[in-house]
Amino acid sequence: MSLIQKEAKPSLALEKFKKRFSDIRVLALDKDYDSLVQYKKLFSKVVIFNNSVEALAAAEVQKFDLFILDFYQYPINGLEVLTQFHKLPLNIKTPTLFVTEGINDGEILLKLQNFLFKPIDALEFYLYVNILFKS
């Protein structure tokens, strides 16, 4: 499944968000290679992984400004990855955003807190990231 629902038409708002977030360091974790490619289009400084253990190892030695992950991960699920990530001294306060699909369990969704469902709209995505950085 494609991460981006539709390619957003170039707009002033979209360009403004792209410029604002061009320098943030993003850690992206997703089992879907196409989603990882899309994150590279959305952010200029993104480190991508499709393995949760490798992503956590990177977060041990590098500070990130944003952590984006899918709930369904291997070998550690998304909630456990998030718990371990926020125990790392360099990233204890890093905002996180789940971008996922196929979750209809309300209890799990409450634990995720910040999430969007795939496929996403690029402008909607940037608006949500903007909210994360304002809080």
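Going by how many other beta carbons lie within 10 Å of each one, how would you line up Val47, Val129, Val37, fewest first?
The most exposed by this proxy come first: Val37, Val47, Val129.
Assuming 0.36 nm per residue, please report the length gained on full extension of the stretch Lys40 to Glu60 beyond their Cα-Cα distance.
Difference between extended and current length: 5.1 nm.
Measuring from label point to label point, each 7 Å out along Cα→Cβ, what is the Lys18 to Glu124 span in nm?
For Lys18 paired with Glu124, the spin-label model returns 2.0 nm.
Coordinate-derived values only; no laboratory data. Computed from a predicted structure; not experimentally measured. In this analysis, Cβ positions are derived from the backbone assuming ideal geometry, glycine residues included, and neighbour counts consider all displayed protein chains.
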